[in-house]
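Written out below as structure tokens is the structure these notes cover.
The values are calculated or read from the model by the stated rules, or taken from the named source; none is laboratory data. From a predicted model like this one, the values you see are computed outputs, not experimental measurements. Cβ sites come from the backbone with ideal geometry, for glycine too, and all protein chains shown count toward neighbours. Surface accessibility is based on the protein's heavy atoms, side chains included, excluding ligands, DNA and RNA. Shrake-Rupley method; radii C 1.70, N 1.55, O 1.52, S 1.80 Å.
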Amino acid sequence: PTDAVTFSNRRYLPGLEVTAIIRIQLPATEAERLDALFRSTDDPKFRVRLQIVLMAHRGRARQDLATDLGVHRRTVTRWVNAYCDDGLDGLRPKKAKGTPCKIPATLAEEIKCGVIKGPAEQGLDRANWTHAERADHLLKTKGIRTSRSAMPRFCSGIDIRLYRPTYRHDRGDPVKPAQAREDLAALGKVPRPVNSSW
């Protein structure tokens, strides 16, 4: 992306600081593109990296640039070199890959069915799964060791939640509340509003 990259050291008298200047000659269109990206990006890492390249293009000394941005001078050199080698792709922050999931995708349907049926169906004395219990159950039944924190990621990937409500109002018997209202009316009592100022 650059026309020329020149690294030059200016040396002064002994005892004085050595200033390294990194000069990058960017075409005008490329400098404008980097400036537009710098102004529009929300990613703070990418923004600093773009700023390093732009300031180096403007002839700023490496140490001054590092001081202005609050980074080490090697960081300045690293991002200028990354831009020279790979262009904008060299500056973009890369997301860490992380540890691959230990739960095979082939078990997705079986886990989904187990969650829907609930733990009682599997011989446990509880109404709902927790992530820790589901991970423990997976270890005991399939020999797959996984963490409690891996279970929510896996479950959200297969569109299932472990916590299911055990009671829903629309499943209730509509006859009982109607009968209670009639009984209260027959007694001549009106239900009092609930006082929530306790």
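Phi-derived couplings, Karplus 6.51 cos²θ - 1.76 cosθ + 1.60 at θ = phi - 60°, listed residue by residue for the range 132-147: 5, 5, 5, 5, 5, 5, 5, 5, 6, 8, 10, x, 9, 8, 9, 8 Hz, with x used for Gly and Pro. Rounded to the nearest 20 debye, the dipole size of the range 22-161 about its Cα centre is 420 debye, using +1 on the Cβ of Lys and Arg and -1 on the Cβ of Asp and Glu. Taking all protein chains as shown and a probe of 1.4 angstrom, D86 keeps an accessible surface of around 100 Å². Taking packing as the residue-averaged number of other Cβ atoms within 10 angstrom, the listed peptides 45-55, 65-75 run from highest to lowest as 45-55, 65-75.
Using the Karplus relation 6.51 cos²θ - 1.76 cosθ + 1.60 with θ = phi - 60°, the per-residue 3J(HN,Hα) values for the range 114-125 come to x, 5, 5, 5, x, x, 4, 5, 9, x, 9, 9 Hz, with x marking Gly and Pro.
Pairs of Cα atoms nearer than 8 Å and 6+ residues apart set the relative contact order; for the range 15-163 it is 16 percent. Local charge for H57 was computed over the other residues whose Cβ lies under 10 Å away, with Lys and Arg +1 and Asp and Glu -1, and equals +1.
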